[in-house]
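Peer 1: Sharing a structure below in C-alpha coordinates format, with a few things to ask.
The values are calculated or read from the model by the stated rules, or taken from the named source; none is laboratory data. All figures in this text were calculated on a predicted structure; none of them were measured in a lab. Here the Cβ is made from the backbone with ideal geometry for all residues, glycine too, and neighbour counts use every protein chain on show.
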(Lines give C-alpha, C1' and ligand atoms only; values in the text may rest on other atoms or scores of the structure.)
Protein backbone atom coordinates (compact mmCIF):
# COMPACT_ATOMS: atom_id res chain seq x y z
CA UNK A 1 0.00 0.00 0.00
CA UNK A 2 1.45 3.36 -1.00
CA UNK A 3 2.25 6.11 1.47
CA UNK A 4 -0.45 8.25 -0.12
CA UNK A 5 -3.14 5.63 0.47
CA UNK A 6 -2.10 5.34 4.12
CA UNK A 7 -2.94 8.96 4.81
CA UNK A 8 -6.05 9.64 6.81
CA UNK A 9 -8.71 11.74 5.05
CA UNK A 10 -8.50 15.43 5.89
CA UNK A 11 -10.63 16.46 8.85
CA UNK A 12 -12.34 19.82 8.45
CA UNK A 13 -13.34 22.30 11.14
CA UNK A 14 -16.58 21.03 12.73
CA UNK A 15 -19.78 22.88 11.95
CA UNK A 16 -20.40 24.05 15.52
CA UNK A 17 -16.97 25.72 15.48
CA UNK A 18 -17.76 27.46 12.20
CA UNK A 19 -20.83 28.99 13.82
CA UNK A 20 -18.88 29.91 16.98
CA UNK A 21 -15.98 31.43 15.08
CA UNK A 22 -18.34 33.46 12.87
CA UNK A 23 -20.15 34.92 15.89
CA UNK A 24 -16.98 35.71 17.84
CA UNK A 25 -15.45 37.37 14.78
CA UNK A 26 -18.51 39.58 14.27
CA UNK A 27 -18.66 40.54 17.95
CA UNK A 28 -14.96 41.41 18.00
CA UNK A 29 -15.34 43.62 14.94
CA UNK A 30 -18.40 45.37 16.42
CA UNK A 31 -16.42 46.57 19.44
CA UNK A 32 -14.29 48.61 17.05
CA UNK A 33 -16.97 49.94 14.68
CA UNK A 34 -19.95 50.61 16.99
CA UNK A 35 -19.43 54.44 16.85
CA UNK A 36 -19.64 54.31 13.05
CA UNK A 37 -22.84 52.27 13.25
CA UNK A 38 -24.35 54.92 15.51
CA UNK A 39 -23.37 57.74 13.12
CA UNK A 40 -24.74 55.77 10.15
CA UNK A 41 -28.13 55.29 11.85
CA UNK A 42 -28.32 58.94 12.91
CA UNK A 43 -27.54 60.08 9.36
CA UNK A 44 -30.20 57.81 7.86
CA UNK A 45 -32.85 59.20 10.21
CA UNK A 46 -31.77 62.81 9.75
CA UNK A 47 -34.29 64.71 7.62
CA UNK A 48 -36.93 62.00 8.01
CA UNK A 49 -40.45 63.10 7.13
CA UNK A 50 -39.27 66.21 5.32
CA UNK A 51 -37.93 67.82 8.50
CA UNK A 52 -34.73 69.83 8.44
CA UNK A 53 -31.61 67.71 8.65
CA UNK A 54 -30.03 67.50 12.08
CA UNK A 55 -26.58 66.74 10.73
CA UNK A 56 -24.76 68.37 7.83
CA UNK A 57 -22.29 65.50 7.41
CA UNK A 58 -20.97 62.39 9.10
CA UNK A 59 -18.27 64.42 10.81
CA UNK A 60 -20.86 66.89 12.09
CA UNK A 61 -22.95 64.01 13.43
CA UNK A 62 -19.98 62.52 15.27
CA UNK A 63 -18.96 65.87 16.79
CA UNK A 64 -22.56 66.59 17.83
CA UNK A 65 -22.87 63.22 19.57
CA UNK A 66 -19.56 63.73 21.39
CA UNK A 67 -20.54 67.25 22.45
CA UNK A 68 -24.07 66.41 23.62
CA UNK A 69 -23.71 62.84 24.88
CA UNK A 70 -20.04 62.48 25.77
CA UNK A 71 -17.50 59.85 24.81
CA UNK A 72 -19.74 57.04 26.09
CA UNK A 73 -22.51 58.33 23.83
CA UNK A 74 -20.78 57.03 20.71
CA UNK A 75 -21.00 53.52 22.18
CA UNK A 76 -24.73 53.72 22.87
CA UNK A 77 -26.32 50.46 21.81
CA UNK A 78 -23.14 48.38 22.08
CA UNK A 79 -24.96 45.62 23.99
CA UNK A 80 -27.51 45.40 21.14
CA UNK A 81 -24.72 45.41 18.57
CA UNK A 82 -23.00 42.50 20.32
CA UNK A 83 -26.24 40.51 20.63
CA UNK A 84 -26.96 41.15 16.96
CA UNK A 85 -23.60 39.67 16.03
CA UNK A 86 -24.09 36.76 18.43
CA UNK A 87 -27.35 35.89 16.65
CA UNK A 88 -27.16 37.21 13.07
CA UNK A 89 -23.47 36.77 12.27
CA UNK A 90 -23.13 33.46 14.12
CA UNK A 91 -25.96 32.06 11.99
CA UNK A 92 -25.04 33.54 8.61
CA UNK A 93 -21.30 32.87 8.78
CA UNK A 94 -21.82 29.38 10.16
CA UNK A 95 -24.27 28.47 7.40
CA UNK A 96 -22.15 30.11 4.70
CA UNK A 97 -18.91 28.42 5.80
CA UNK A 98 -20.62 25.02 6.10
CA UNK A 99 -22.31 25.24 2.69
CA UNK A 100 -19.14 26.66 1.11
CA UNK A 101 -17.26 23.56 2.23
CA UNK A 102 -20.12 21.24 1.22
CA UNK A 103 -20.19 22.57 -2.35
CA UNK A 104 -16.40 22.66 -2.74
CA UNK A 105 -15.17 19.76 -4.89
CA UNK A 106 -11.66 18.37 -4.54
CA UNK A 107 -10.47 21.55 -2.86
CA UNK A 108 -11.94 23.74 -5.63
CA UNK A 109 -14.33 26.45 -4.32
CA UNK A 110 -17.95 26.69 -5.53
CA UNK A 111 -18.76 28.70 -8.64
CA UNK A 112 -19.59 32.40 -8.28
CA UNK A 113 -23.31 31.74 -8.81
CA UNK A 114 -23.30 29.11 -6.05
CA UNK A 115 -21.48 31.55 -3.74
CA UNK A 116 -24.19 34.16 -4.36
CA UNK A 117 -27.00 31.66 -3.70
CA UNK A 118 -25.30 30.37 -0.55
CA UNK A 119 -24.87 33.98 0.62
CA UNK A 120 -28.53 34.81 -0.03
CA UNK A 121 -29.74 31.78 1.93
CA UNK A 122 -27.31 32.30 4.83
CA UNK A 123 -28.16 36.00 5.05
CA UNK A 124 -31.92 35.43 5.03
CA UNK A 125 -31.85 32.88 7.83
CA UNK A 126 -29.38 34.90 9.89
CA UNK A 127 -31.38 38.11 9.49
CA UNK A 128 -34.59 36.55 10.76
CA UNK A 129 -32.80 35.21 13.84
CA UNK A 130 -31.15 38.58 14.47
CA UNK A 131 -34.14 40.89 13.84
CA UNK A 132 -35.03 41.55 17.52
CA UNK A 133 -31.45 42.57 18.34
CA UNK A 134 -31.33 44.66 15.14
CA UNK A 135 -34.51 46.51 16.16
CA UNK A 136 -33.08 47.21 19.62
CA UNK A 137 -29.83 48.46 18.06
CA UNK A 138 -31.62 50.89 15.75
CA UNK A 139 -33.74 52.32 18.57
CA UNK A 140 -30.89 52.60 21.07
CA UNK A 141 -28.54 54.36 18.65
CA UNK A 142 -31.30 56.71 17.48
CA UNK A 143 -32.53 57.69 20.97
CA UNK A 144 -30.01 60.44 21.65
CA UNK A 145 -31.17 62.55 18.71
CA UNK A 146 -34.60 63.07 20.30
CA UNK A 147 -35.64 65.56 23.00
CA UNK A 148 -35.30 64.01 26.47
CA UNK A 149 -39.07 63.68 26.96
CA UNK A 150 -39.41 61.68 23.71
CA UNK A 151 -36.60 59.22 24.31
CA UNK A 152 -37.33 55.55 24.96
CA UNK A 153 -34.47 55.32 27.44
CA UNK A 154 -33.64 51.63 27.14
CA UNK A 155 -31.01 50.62 29.72
CA UNK A 156 -29.53 47.82 27.62
CA UNK A 157 -30.53 45.39 24.88
CA UNK A 158 -32.38 43.04 27.24
CA UNK A 159 -34.36 45.94 28.72
CA UNK A 160 -35.18 47.05 25.17
CA UNK A 161 -36.41 43.59 24.14
CA UNK A 162 -38.44 43.21 27.33
CA UNK A 163 -40.14 46.60 26.96
CA UNK A 164 -40.89 46.18 23.26
CA UNK A 165 -42.56 42.83 24.04
CA UNK A 166 -44.57 44.24 26.96
CA UNK A 167 -45.47 47.61 25.45
CA UNK A 168 -45.94 46.71 21.79
CA UNK A 169 -46.43 42.95 21.70
CA UNK A 170 -44.21 40.01 20.78
CA UNK A 171 -44.69 40.48 17.03
CA UNK A 172 -43.17 43.97 17.29
CA UNK A 173 -39.81 42.36 18.05
CA UNK A 174 -39.82 41.27 14.41
CA UNK A 175 -40.98 44.60 13.00
CA UNK A 176 -39.10 45.31 9.80
CA UNK A 177 -38.09 41.66 9.41
CA UNK A 178 -39.03 41.81 5.71
CA UNK A 179 -36.61 44.61 4.74
CA UNK A 180 -34.11 43.28 7.29
CA UNK A 181 -34.09 39.91 5.54
CA UNK A 182 -34.03 41.62 2.14
CA UNK A 183 -31.06 43.74 3.17
CA UNK A 184 -29.25 40.73 4.59
CA UNK A 185 -29.75 38.79 1.39
CA UNK A 186 -28.28 41.68 -0.62
CA UNK A 187 -25.44 42.17 1.88
CA UNK A 188 -24.50 38.51 2.03
CA UNK A 189 -24.88 37.86 -1.69
CA UNK A 190 -22.57 40.79 -2.43
CA UNK A 191 -20.28 40.67 0.64
CA UNK A 192 -19.53 36.99 1.04
CA UNK A 193 -19.48 36.09 -2.65
CA UNK A 194 -17.43 39.15 -3.65
CA UNK A 195 -14.94 38.54 -0.83
CA UNK A 196 -14.49 34.93 -1.90
CA UNK A 197 -14.27 35.91 -5.57
CA UNK A 198 -11.82 38.80 -5.07
CA UNK A 199 -9.65 36.71 -2.77
CA UNK A 200 -9.61 33.85 -5.31
CA UNK A 201 -8.73 36.32 -8.09
CA UNK A 202 -5.66 37.54 -6.20
CA UNK A 203 -4.66 34.00 -5.23
CA UNK A 204 -4.78 33.02 -8.91
CA UNK A 205 -2.45 35.96 -9.57
CA UNK A 206 0.02 34.35 -7.12
CA UNK A 207 -0.65 36.75 -4.25
CA UNK A 208 0.34 35.37 -0.86
CA UNK A 209 -2.55 34.24 1.33
CA UNK A 210 -2.10 36.48 4.36
CA UNK A 211 -3.36 39.55 6.22
CA UNK A 212 -2.70 41.96 3.32
CA UNK A 213 -4.74 39.81 0.93
CA UNK A 214 -7.58 39.54 3.47
CA UNK A 215 -7.53 43.31 4.03
CA UNK A 216 -7.63 44.25 0.32
CA UNK A 217 -10.32 41.64 -0.44
CA UNK A 218 -12.42 42.88 2.47
CA UNK A 219 -12.24 46.57 1.51
CA UNK A 220 -13.25 45.84 -2.08
CA UNK A 221 -16.05 43.59 -0.86
CA UNK A 222 -17.20 46.28 1.59
CA UNK A 223 -17.48 48.91 -1.16
CA UNK A 224 -19.51 46.62 -3.43
CA UNK A 225 -21.78 45.67 -0.54
CA UNK A 226 -22.36 49.30 0.52
CA UNK A 227 -23.33 50.33 -3.00
CA UNK A 228 -25.97 47.63 -3.38
CA UNK A 229 -27.38 47.42 0.14
CA UNK A 230 -27.82 51.04 1.27
CA UNK A 231 -31.28 51.70 -0.25
CA UNK A 232 -32.65 48.60 1.50
CA UNK A 233 -30.86 49.53 4.73
CA UNK A 234 -32.34 53.02 5.00
CA UNK A 235 -35.86 51.58 4.53
CA UNK A 236 -35.17 48.98 7.23
CA UNK A 237 -33.77 51.59 9.63
CA UNK A 238 -36.78 53.88 9.35
CA UNK A 239 -39.34 51.10 9.74
CA UNK A 240 -37.65 49.74 12.87
CA UNK A 241 -37.31 53.18 14.43
CA UNK A 242 -40.89 54.37 13.75
CA UNK A 243 -43.28 55.00 16.60
CA UNK A 244 -46.95 54.09 16.85
CA UNK A 245 -49.17 57.04 17.83
CA UNK A 246 -52.71 56.26 19.01
CA UNK A 247 -52.59 52.92 17.22
CA UNK A 248 -51.43 54.47 13.94
CA UNK A 249 -48.01 53.60 12.55
CA UNK A 250 -45.87 56.21 10.86
CA UNK A 251 -45.37 54.09 7.72
CA UNK A 252 -47.60 51.52 6.02
CA UNK A 253 -44.68 49.36 4.97
CA UNK A 254 -41.36 49.18 3.14
CA UNK A 255 -42.79 50.49 -0.15
CA UNK A 256 -44.32 53.49 1.64
CA UNK A 257 -40.96 54.33 3.25
CA UNK A 258 -39.16 54.02 -0.08
CA UNK A 259 -41.60 56.19 -2.03
CA UNK A 260 -41.92 58.90 0.64
CA UNK A 261 -38.15 59.09 1.10
CA UNK A 262 -37.52 59.50 -2.62
CA UNK A 263 -40.38 62.02 -3.01
CA UNK A 264 -39.45 64.24 -0.04
CA UNK A 265 -35.68 63.87 0.09
CA UNK A 266 -34.67 62.89 -3.43
CA UNK A 267 -33.49 59.67 -5.06
CA UNK A 268 -29.89 59.96 -3.88
CA UNK A 269 -31.05 60.27 -0.27
CA UNK A 270 -31.24 56.47 -0.44
CA UNK A 271 -27.45 56.57 -0.15
CA UNK A 272 -27.51 59.12 2.68
CA UNK A 273 -24.71 58.28 5.10
CA UNK A 274 -22.72 56.40 2.43
CA UNK A 275 -19.36 57.23 4.00
CA UNK A 276 -20.17 56.21 7.58
CA UNK A 277 -21.92 53.13 6.21
CA UNK A 278 -18.86 52.16 4.18
CA UNK A 279 -16.38 53.16 6.88
CA UNK A 280 -18.44 51.04 9.26
CA UNK A 281 -19.03 48.13 6.87
CA UNK A 282 -15.53 48.23 5.34
CA UNK A 283 -13.59 47.89 8.62
CA UNK A 284 -16.24 45.54 10.03
CA UNK A 285 -15.89 43.35 6.94
CA UNK A 286 -12.09 43.53 7.19
CA UNK A 287 -12.00 42.70 10.89
CA UNK A 288 -14.67 39.99 10.67
CA UNK A 289 -12.96 38.14 7.83
CA UNK A 290 -9.49 38.58 9.30
CA UNK A 291 -10.70 37.26 12.68
CA UNK A 292 -12.42 34.33 10.95
CA UNK A 293 -9.38 33.47 8.84
CA UNK A 294 -7.03 33.68 11.84
CA UNK A 295 -9.31 31.72 14.18
CA UNK A 296 -9.80 29.05 11.51
CA UNK A 297 -6.03 28.72 11.13
CA UNK A 298 -5.51 28.67 14.89
CA UNK A 299 -8.14 25.97 15.41
CA UNK A 300 -6.81 23.89 12.51
CA UNK A 301 -3.22 24.19 13.74
CA UNK A 302 -3.70 23.85 17.50
CA UNK A 303 -6.69 21.52 17.76
CA UNK A 304 -6.71 19.52 14.50
CA UNK A 305 -2.90 19.59 14.07
CA UNK A 306 -3.52 20.17 10.37
CA UNK A 307 -3.11 23.76 9.03
CA UNK A 308 -4.57 22.68 5.67
CA UNK A 309 -7.92 22.08 7.39
CA UNK A 310 -8.51 25.84 7.63
CA UNK A 311 -10.55 25.94 4.46
CA UNK A 312 -13.61 28.07 3.84
CA UNK A 313 -14.34 31.59 2.60
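Peer 1: Of the residues 73, 124, only one is over 19 Å from the mean Cα position of the chain (by Cα), at pLDDT below 95, outside any loop (DSSP other than H, G, I, E, B) and surrounded by fewer than 21 Cβ atoms within 10 Å (Cβ to Cβ); which?
Peer 2: Values: 124 fails: over 19 Å from the mean Cα position of the chain (by Cα).
After applying the criteria, what remains is 73.
Peer 1: Which one is farthest from residue 164 (Cα to Cα) among residues in segment 196-213 that are touching a residue at least 24 places away in the same chain (Cβ under 8 Å) and surrounded by fewer than 22 Cβ atoms within 10 Å (Cβ to Cβ)? Outline the logic, then answer.
Peer 2: Keep residues of segment 196-213 that are touching a residue at least 24 places away in the same chain (Cβ under 8 Å), which gives 196-197, 199-200, 211.
Okay, now just the ones that are also surrounded by fewer than 22 Cβ atoms within 10 Å (Cβ to Cβ), so 197, 200, 211.
Working: 197: 41, 200: 44, 211: 42 Å.
That would be 200.
Peer 1: Additional query: What residue, of 66, 62, is in a helix (DSSP H, G or I) and either modelled with pLDDT of 90 or more or exposed (fewer than 15 other Cβ atoms within 10 Å of the Cβ) (or both)?
Peer 2: Values: 62 fails: either modelled with pLDDT of 90 or more or exposed (fewer than 15 other Cβ atoms within 10 Å of the Cβ) (or both).
One residue alone meets the criteria, 66.
Peer 1: Okay, moving on. Would you say residue 135 is modelled with pLDDT of 90 or more, surrounded by fewer than 20 Cβ atoms within 10 Å (Cβ to Cβ), closer than 22 Å to residue 273 by Cα and touching a helix residue (DSSP H, G or I) at 6+ places or on another chain (Cβ under 9 Å)? Walk me through how you get there before you give the answer.
Peer 2: Working: modelled with pLDDT of 90 or more: yes; surrounded by fewer than 20 Cβ atoms within 10 Å (Cβ to Cβ): no; closer than 22 Å to residue 273 by Cα: yes; touching a helix residue (DSSP H, G or I) at 6+ places or on another chain (Cβ under 9 Å): yes.
Judged against the criteria, residue 135 is not a match.
Peer 1: Residues that are modelled with pLDDT under 85 and under 14 Å from the mean Cα position of the chain (by Cα): does segment 211-218 have at least one?
Peer 2: Among the residues of segment 211-218, at least one is modelled with pLDDT under 85 and under 14 Å from the mean Cα position of the chain (by Cα), which makes the answer yes.
Peer 1: Against the condition modelled with pLDDT of 95 or more, farther than 19 Å from residue 39 by Cα and buried (at least 17 other Cβ atoms within 10 Å of the Cβ), how does residue 109 come out, does it pass? Don't jump to the end; show me each part of the working.
Peer 2: Details: modelled with pLDDT of 95 or more: no; farther than 19 Å from residue 39 by Cα: yes; buried (at least 17 other Cβ atoms within 10 Å of the Cβ): yes.
No; evaluated as a whole, the condition is false for this residue.
Peer 1: Does residue 189 meet the test of being out of contact with any strand residue (DSSP E or B) (no Cβ under 8 Å at 6 or more places or on another chain), buried (at least 23 other Cβ atoms within 10 Å of the Cβ), at pLDDT 95 or above and more than 16 Å from residue 85 (Cα to Cα)? Break it down into steps so the answer makes sense when it comes.
Peer 2: Working: out of contact with any strand residue (DSSP E or B) (no Cβ under 8 Å at 6 or more places or on another chain): yes; buried (at least 23 other Cβ atoms within 10 Å of the Cβ): yes; at pLDDT 95 or above: no; more than 16 Å from residue 85 (Cα to Cα): yes.
When the stated conditions are applied, residue 189 does not pass them.
Peer 1: Take the conditions surrounded by fewer than 24 Cβ atoms within 10 Å (Cβ to Cβ) and in contact with a helix residue (DSSP H, G or I) (Cβ under 9 Å, 6 or more places away or on another chain) and apply them to residue 156. Does it pass?
Peer 2: On the way: surrounded by fewer than 24 Cβ atoms within 10 Å (Cβ to Cβ): yes; in contact with a helix residue (DSSP H, G or I) (Cβ under 9 Å, 6 or more places away or on another chain): yes.
Judged against the criteria, residue 156 is a match.
Peer 1: Further question: Please go through segment 92-106 and pick out each residue that is surrounded by fewer than 23 Cβ atoms within 10 Å (Cβ to Cβ) and under 15 Å from residue 24 (Cα atoms).
Peer 2: If the condition is that a residue be surrounded by fewer than 23 Cβ atoms within 10 Å (Cβ to Cβ) and under 15 Å from residue 24 (Cα atoms), then 94 is the only one that fits.
Peer 1: What number of residues in segment 102-121 are farther than 21 Å from residue 308 by Cβ and not in a helix (DSSP H, G or I)?
Peer 2: Total satisfying the criteria: 1.
Peer 1: Of the residues in segment 253-310, how many are free of Cβ contacts under 8 Å to residues at least 12 places away in the same chain and under 30 Å from residue 107 (Cα atoms)?
Peer 2: 7
Peer 1: Shifting gears a bit: Quick one: count up the residues across segment 150-179 that are closer than 15 Å to residue 84 by Cα and in a helix (DSSP H, G or I).
Peer 2: Number satisfying all stated conditions: 8.
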